[in-house]
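Reading through the structure tokens given below for one structure.
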Amino acid sequence: MHDTEVFQFQPSARHQRVSSRFVVVALCLSLFASACGGNNQQTNDAQKGADTVSEAITDTDDTETDFAPTAPATRGTQGDAAISEEQMSEEMAEEEMADAEEIADEEMAQGARLEAAAESAPMAASEPMADSDSESTFASEQPAPAVRSPDDGDAEGLFSQPADEPTQRIEPERSRLEDNRFTNYGYRQFIESDDDPLSTFALDVDTGSWTVARRWLREGVLPPAESVRVEEFVNAFDYDYDVPRRGLEVSVDGGPSPFDNDNHLVRVGVQAEIVDDGDRPPVSLTFLVDTSGSMDRDDRLGLVKESLHTLVDGLDDDDTVSLVVYSDDSGVILEPTRVSQDRLIHSSIDSLRAGGSTNLESGLREGYQLAADSFRSNGVNRVIIASDGVANAGITDQRVLSDYIRNFADEGIQLVTVGYGMGNFNDTMMEQLADNGDGFYAYVDTIDEAERLFDEELTSTLVTAAIDAKIQVEFDADIVDEYRLIGFENRGVRDNDFRNDSVDAGELGAGHQVTAMYEIRLRRGVTLSDRGDIGEVYLRWQDPTTGDVMEIDEDIDLGDVAETFQDTEPDFQVATVVTAFAEVLRDNPYADDVDLRNVMNESFELSGDIDNADRAELQDMLLIATELTR
């Protein structure tokens, strides 16, 4: 076995100065209740010759979740009373004296509370831990926790609940937790390089799983395990990859594994070219909006309208927009209209009302036919579905619906699916439609997310940078004993189909990134200081303009993998933290020894070079999840 230095978390001055925003969050965490999801498996025929996916516990493809919330806490009541000005003055004086006494008492008690905070968030000691197959960077078995400095007031709020604060739990709205459909695709197991040195998969830029999990956590409930797709968690964050002048570029690096001290993580990052707004060709967008009765909620149709308004405001005058709705049946609300007539477009969006059943089939037929009729041969053509994914009228089989849109995707009309709402939400339908429509799946839970997706991301990624993009990693069996690809369970491609350009793969828009994380174990006697290649990455895609098939490759050198976590790139640390978080949430046995509290601790040590909003959001979600798993 190869010995590696384990990351030793130590609180820095920066960590001790975490803003009071997180203190408030942590104090509120005790308000939440927990629930969990189940497991099942989808066996993919394309996996033969590719990476192994574990067996599922149940034999159904779609899993409906129905989580019973915890009982609400009993709240006290306080009666009203009339108070005279004189009585109020006397009471104010008494309160000032009481406050002074309370401050003195608080100073005496603070040390004890800080010790309790340290106990609730164990740290690695300064001495390295002994090597063990089950120990890891974020392992749960830790030496006695280091007591924090009494000056570190933030530590108490971050990692513990003050002893004098009553525990009170909020009951999540039950309707948001019922009748949600997710699919568990299993998890990939380790593969010995001697048996199969090739790992092949289609690229995937979806991010919906991360936003869905964020929605559940903000509701005070752990997301269902089957809703967690690791690659979509990782894709939700931005990384500093090399940007190509055209097409795609691949980057590789690595560091210690958070799951096993004897292993390493290798990151394969793909970056698509960036197209300036001024260079973007004209766009033809067909909005396909679900206006059935299930969309008549605060977080559904109302948020859809705000999203579409935001998108229209970011388009050019020469772009065109169409609007189709579906409920019992479907209908055209707005024929293809130039964005220069934005008042008419905004008025049409405002006119949307919810009611009736959900005939997704009728909506797809009407929407795609309108998109075909308004096709711009010199431009970008997209259908954008805004829905909760439910289909209960007409044809409801997702395979049949996927086959229908597949033909349009081959003709250059790509699909973006955007999910809304929780409770009677079909994640599987939205994700599979996007995959078959050569597009991507996102989920919107707040107006801020709507603005980020429709203003900052969607308009910049409308231009297709690569068609049928796929990766093949060939590991050197003399260097690598075994490996596992973390995620991409439903994106497997047969190894011998890597250069079969008739096989459908993934599409990337301009500016899109894809990140794949591999956990590897080196051969006995091989060290990172040796000279040699871990393997080679091959990236293949079709140029959307010329139709030419492109292929590039990149060596993964032993020297690309850092010995210690501190020596890795800041955004590699982000990817590692997010990967560990997702593996824990989906109950992957390979993450059984990961302590979520240590993952949370590490999130507060992430470099200031990382986007502040991304870092803050990750920290918030880890704070909530850590409290819910206590």
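The values are calculated or read from the model by the stated rules, or taken from the named source; none is laboratory data. Worth saying up front: this structure is predicted, and the values here are computed from it rather than measured. Note: ideal-geometry Cβ built from the backbone for every residue, glycine included; neighbour counts use all protein chains shown. All accessible areas refer to the heavy atoms of the entire protein, side chains included, with ligands and DNA or RNA removed. Shrake-Rupley method; radii C 1.70, N 1.55, O 1.52, S 1.80 Å.
Quick check, is ILE385 under 30 Å from GLY220 (Cα atoms) and over 18 Å from the mean Cα position of the chain (by Cα)? Judged against the criteria, ILE385 is a match. Residues of region 363-384 that are part of a strand (DSSP E or B) and touching a helix residue (DSSP H, G or I) at 6+ places or on another chain (Cβ under 7 Å): ASN381, VAL383. I need the full set of residues from region 388-416 which are touching a Gly at 6+ places or on another chain (Cβ under 7 Å) and assigned to a strand (DSSP E or B), in order please. Matches in region 388-416: GLN414, LEU415, VAL416. Taken together, the residues in region 569-594 that are open to solvent by less than 10 Å² (accessible area, probe 1.4 Å) and in contact with a strand residue (DSSP E or B) (Cβ under 8 Å, 6 or more places away or on another chain) amount to 6.
Might you let me know whether region 136-154 holds any residue that is modelled with pLDDT of 95 or more, open to solvent by less than 40 Å² (accessible area, probe 1.4 Å), over 22 Å from the mean Cα position of the chain (by Cα) and of a type in the set (A, V, I, L, M, F, W, C)? Within region 136-154, none of the residues are modelled with pLDDT of 95 or more, open to solvent by less than 40 Å² (accessible area, probe 1.4 Å), over 22 Å from the mean Cα position of the chain (by Cα) and of a type in the set (A, V, I, L, M, F, W, C). For region 611-630, filtering for residues that are open to solvent by 20 Å² or more (accessible area, probe 1.4 Å) and of a type in the set (Ser, Thr, Tyr) leaves 1. When ASP296, ASP313, ASP290, ASP279 are checked against the criterion of being within 16 Å of ALA386 (Cβ to Cβ) and open to solvent by 40 Å² or more (accessible area, probe 1.4 Å), ASP296 stands alone in meeting it.
Check whether at least one residue in region 408-415 is at pLDDT 90 or above, of a type outside the set (Ser, Thr, Tyr), open to solvent by 30 Å² or more (accessible area, probe 1.4 Å) and closer than 26 Å to VAL380 by Cα, and report yes or no. Yes: one or more hits. LEU323 meets each of the listed conditions (1) open to solvent by 40 Å² or more (accessible area, probe 1.4 Å); (2) of a type in the set (A, V, I, L, M, F, W, C); (3) within 32 Å of the chain's Cα centre (by Cα) apart from (1). Residues that are of a type outside the set (Gly, Ala, Ser), in contact (Cβ under 8 Å) with a residue 24 or more places away in the chain and open to solvent by 10 Å² or more (accessible area, probe 1.4 Å) within region 343-372 comprise HIS346, ASP350, ARG353, ASN359, GLU361, ARG365, GLU366, LEU370, listed in sequence order.
Of the listed requirements (1) β-branched (Val, Ile, Thr); (2) touching an Asp or Glu at 6+ places or on another chain (Cβ under 7 Å); (3) within 21 Å of PRO570 (Cα to Cα), VAL283 misses just one: (3).
Annotation note: Cβ proximity below 8 Å between a residue of region 595-624 that is at pLDDT below 90 and a residue that is of a type in the set (Ser, Thr, Tyr) (sequence gap 6+ or interchain) occurs for GLU605/SER12; ARG615/SER603.
Within region 405-420, the residues that satisfy the criterion of being of a type outside the set (D, E, K, R) and under 10 Å from LEU433 (Cα atoms) are ILE405, LEU415, VAL416, THR417. Scanning region 238-258 for residues that are open to solvent by 10 Å² or more (accessible area, probe 1.4 Å) and either part of a loop (DSSP other than H, G, I, E, B) or polar (S, T, N, Q) (or both) returns ASP238, TYR239, ASP240, TYR241, ASP242, VAL243, PRO244, ARG245, ARG246, SER251. Might you let me know whether region 546-557 holds any residue that is surrounded by 15 or more Cβ atoms within 10 Å (Cβ to Cβ) and farther than 15 Å from PRO244 by Cβ? The answer is yes, given that some residue of region 546-557 is surrounded by 15 or more Cβ atoms within 10 Å (Cβ to Cβ) and farther than 15 Å from PRO244 by Cβ.
Scan region 198-228 for residues that are in contact with a strand residue (DSSP E or B) (Cβ under 7 Å, 6 or more places away or on another chain) and in a helix (DSSP H, G or I) and jot them down. Residues satisfying the conditions are GLY208, THR211, VAL212, GLU226, SER227.
Looking only at region 533-545, residues that are touching a helix residue (DSSP H, G or I) at 6+ places or on another chain (Cβ under 8 Å) and crowded, with 21+ Cβ neighbours inside 10 Å come to 1 in all. Selection of strands (runs of 3 or more DSSP E) fully inside region 441-532 by the criterion of at least 2 residues being open to solvent by 10 Å² or more (accessible area, probe 1.4 Å), β-branched (Val, Ile, Thr) and modelled with pLDDT under 95 returns 464-475.
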